[in-house]
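Asks: Mind having a look at this structure? Questions to follow.
The values are calculated or read from the model by the stated rules, or taken from the named source; none is laboratory data. Keep in mind it's a predicted model, so treat the numbers as computed, not measured. Cβ placement follows ideal geometry from the backbone for every residue including glycine, while neighbour counts extend to all protein chains displayed. Surface accessibility is based on the protein's heavy atoms, side chains included, excluding ligands, DNA and RNA. Shrake-Rupley method; radii C 1.70, N 1.55, O 1.52, S 1.80 Å.
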Amino acid sequence: MLQRIQTIYIIIFTALLFIGSLCSFANLILEDKTILKLFPTGWEYSSGEKEKSLYFLGYLVAASFGILMLVNFKKRTKQLKYGKVCYLVVLITLLYMFTIVDNKIELLNSSNNLYSYITYSYSMYLLVASLPFIFLANRAIKKDENLIKSLDRLR
């Protein structure tokens, strides 16, 4: 299991998701003062008020499929399916989070005449950085599957 390169890619993917879900994703700043922070559980205002959301669900689903990929190392076709689902879930989560942050900043700019802007934390970049690792893992799994199929044809 560990001698295959896709296992290393899957472990890195899962670690990036886990580390990225620990901190805030984005900070909305109004007049050099942070007023909103986006965490995996939702928005947190500077006043301490919290607005719940389910961003963390995408992380949990992707990490669980990553673990399923590690456990099913003997079933390459299942690994490929889980990898595609992982890739799709991470992309949907990422797009959803970007649109929510963009909508929130537009709402702030339209309600106030003050200038507000976004700063993304490293957690958002870790989510983006996890995508190539799941892609490389799927590519290596597909390569192994093709190798096994070609050996079966030779027998």
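Asks: Compute the helix-to-body angle for 55-71: its Cα long axis versus the longest principal axis of the chain, expressed 0 to 90° and rounded to tens.
Replies: 10
Asks: Something else about it: Run the quick spin-label model on residue 146 and residue 92: label points 7 Å from Cα toward the beta carbon, then report their separation in nm to one decimal.
Replies: Output for this residue pair reads 2.9 nm.
Asks: Roughly how many whole Å is it from the C-alpha centroid of the range 56-84 to that of the range 1-48?
Replies: Computed from Cα coordinates, the inter-centre distance equals 20 Å.
Asks: R0 = 41 Å: FRET efficiency of residue 119 with residue 5, Cβ-based, nearest 0.05?
Replies: 0.70
Asks: Exposed loop GluC sites (Glu not before Pro) only (DSSP loop, at most 15 other Cβ atoms within 10 Å): please give the longest stretch of the chain free of them, not including the sites.
Replies: Excluding the exposed sites themselves, the longest stretch runs over 50-155.
Asks: Okay, moving on. If R0 is 25 Å, what FRET efficiency do you get for residue 35 and residue 15 from their C-beta distance, rounded to 0.05?
Replies: 0.20
Asks: Let me ask something else. Regarding the range 24-155, what is the average projected area of its C-alpha convex hull, in nm²?
Replies: 9.1
Asks: Under the 0.36 nm per residue contour assumption, what length would be gained going from the current alpha-carbon distance of residue 47 and residue 22 to full extension?
Replies: 6.9 nm
Asks: Compare 90, 71, 61 by solvent-accessible area with a 1.4 Å probe and give them largest first, with all protein chains kept in place.
Replies: Largest to smallest exposure gives the sequence 71, 61, 90.
Asks: Which residues' amide hydrogens lie under 5 Å from the amide hydrogen of residue 25, considering only partners 5 or more residues apart or on another chain, with H built in the peptide plane?
Replies: For residue 25, the qualifying residues are 38, 39.
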